[in-house]
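Here, each number is a calculation from the coordinates, and none is a lab measurement. Remember, predicted model here, so these are calculated numbers, not experimental data. Reconstructed Cβ throughout: ideal geometry from the backbone, glycine too, with neighbour counts over all protein chains shown.
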Ligand code: MG
């Protein structure tokens, strides 16, 4: 379990404990108290710290001895242990090497790190091909799609329909979003998440990433992936088939359900989430507003351009969101900076993790200067 101190990681540990699934390894970016506590709660587990401070490194070595390893390669090493289910809950494109390592080793990758596919889709698919692993999505929409697609042939799919909550600014016009505050943007109506993904939900960039993620996960072209705004977040996504049938996967919004399904697949196991009641519900669906939320349009644009363009989209967005969170740019400048970065960098093929890292650095530097930072 990688990224154990994040929201997905914590819930994954909880799900594993309830299922009785042994935890062979845990990893996180920093050597925090929480990681140390998790390491002590799992005395059999190997522990990785990707970017420790010297103090953290001393402390972890003192407490855990030889079962802890350090550095960015530590995550990929843990992910490549044969016969593992690797839950990748790392945040950002830093999660790509672990995804590649898991698949190359023939492991099941329970993928919560969508940036692996957004930034490095072609590289991840090549690793899947080489290693013969399997990729099971943990992202709630993609888990819903995979559950709807189980037992179906991809030839019979007319389109995938990704649900979007619409975020806190659903129904607002583009102009009215100019002056929104960080606090307003962080106030997500239905899902509890980290700050970057919460801002990405407010701009609909998260949905843009999910369109690209769906393309790589299921091999469906962009013309056959739609987004519908569904503010109640009960229908997690839908598949329309060529005979006119629609399948939807529904339930209370709770990430423990997709996490558990990715671990138990193709079986199911009893869960502890709230039972779902159909009665007394209003489920509504609307078209996304691409004028107020241009990031979604940019997602399709980058996805269709292919190659390095989605990696540029991801990197530029990460920098722009950071600038917004630090109150250096306004909310609507996020999309503007991403668009300018995307337009400035010519798409090129991605063949390796290094190719992804290179375009990632280039896009970050450009977005950073567009956000008013010095290069
Ligand atoms: Mg999602």
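Structural remarks
- In terms of its Cα atoms, the range 7-138 spans 40, 33, 25 Å along the principal axes, sorted from long to short.
- Chain lengthening between residue 187 and residue 279 when straightened (0.36 nm per residue, less Cα-Cα): 30.4 nm
- Cα centroids of the range 224-254 and the range 303-321: 26 Å apart.
- Extension gain, residue 243-residue 63: 0.36 nm per intervening residue step, less the Cα-Cα distance, totals 58.8 nm.
- Within the range 144-225, all pairs of alpha-carbon atoms sorted by distance into 5 Å bins from zero give the percentages 3, 13, 22, 18, 15, 12, 10, 5, 2, 0.
- Placing pseudo-labels 7 Å out from each Cα toward the beta carbon at residue 291 and residue 55 gives an inter-label distance of 5.3 nm.
- At q = 0.11, 0.12, 0.13 Å⁻¹ the log10 of I(q)/I(0) for the chain amounts to -0.76, -0.91, -1.08, computed by Debye summation with a single uniform scatterer per C-alpha, solvent ignored.
- Judged by the mean number of other Cβ atoms found within 10 Å, the most tightly packed of the peptides 312-322, 27-37, 158-168 leads the ranking 312-322, 158-168, 27-37.
- Taking one quarter of the surface of the C-alpha convex hull of the range 180-338 gives a mean projected area of 11.3 nm².
- Residue 325 versus residue 268: modelled label distance in nm, points set 7 Å from Cα along the beta carbon direction: 3.6 nm
- Note on residue 354 and residue 30: with the Förster distance fixed at 25 Å, the Cβ-Cβ geometry gives a FRET efficiency of about 0.50.
- The chain - mean residue ellipticity at 222 nm from DSSP helices (-39,500 (n - 2.57) per run, n ≥ 4, rounded to 500): -14500 deg cm²/dmol
- Extension gain from residue 18 to residue 346, taking 0.36 nm per residue of separation minus the Cα-Cα distance: 113.3 nm
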